[in-house]
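Report on the structure given below.
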Amino acid sequence: MIPEIADYEVHRELLRAGKDRGLGRLDSLKGMLGYAPITTSVMLKAAEFWASAWKMGRQSADDASLDADMILVAQAGAVVHDRDETVIATTNVRHLASFASARIWREIG
C-alpha cells in the first residue's frame with residue numbers, strides 16, 4: 001500500500017520538479033497497490049510514537065522528519081491484518097525500526 005504521508009512527500013517533490021509523467025506513474029502505482037489514508041486514529045498514534053521517541057532519546061531526526069516518520073509508523077500499524085506482516089519500505093530503517101518492521105526498499109524482494 002502507499003501510505004498517504006509517503007504519497008504527500010513524493011507528490012510534492014514531483015510537483016516542484018514539474019515531473020508530470022512521474023505524477024501519473026505515482027497515481028497508477030496507488031491504483032495497483034492501494035492507498036492508506038491518514039485518519040484521526042493514525043495521527044493520535046503518531047503523536048504517541050513521537051512522544052515515545054523523544055522520551056527514549058531517539059530524536060535523531062529533526063522535528064519535521066520525526067513527525068513524518070511517526071505518521072508512517074502509525075499508518076503501517078493501522079493496516080496490519082491477522083497474521084499479515086507489514087513492512088515499511090524505506091531508506092530510513094534506523095529511525096523506524098524501533099517502532100515497526102522496516103527494511104531498505106531495494107532489498108525487499
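The values are calculated or read from the model by the stated rules, or taken from the named source; none is laboratory data. Predicted model, so just to flag it, every value in this text is computed and none were measured. Keep in mind that these areas ignore ligands, DNA and RNA; they rest on the heavy atoms of the full protein, side chains included. Shrake-Rupley method; radii C 1.70, N 1.55, O 1.52, S 1.80 Å.
Please report the accessible area of ARG12 (heavy atoms, 1.4 Å probe, ligands and nucleic acids excluded) in Å², nearest 10.
Surface open to solvent at ARG12 totals about 110 Å².
Please work out the average accessible area per residue across the chain, using the 1.4 Å probe convention, and give it in Å².
Numbers: 7330 Å² over 109 residues.
Here the per-residue accessible area is 67 Å².
Quick test of the membrane-span-like rule: which DSSP H helices of the chain reach at least 15 Å along their long axis (C-alpha atoms) with mean Kyte hydropathy at least 0.5?
For the chain, where a helix must reach 15 Å along its axis and average at least 0.5, the hits are 63-78.
So what is Rg over Rh here for the range 1-40, counting just Cα atoms and using Kirkwood for Rh?
Ratio value, two decimals: 0.99.
Could you list log10 I(q)/I(0) for the chain at q = 0.11, 0.13 Å⁻¹, which the Debye formula gives when each Cα is one point scatterer?
-0.36, -0.51
Once neighbouring chains are kept in place and the probe is 1.4 Å, which whole percent of the accessible area of the chain is contributed by carbon and sulfur?
Answer for the chain is 53 percent, counting heavy atoms of protein chains only.
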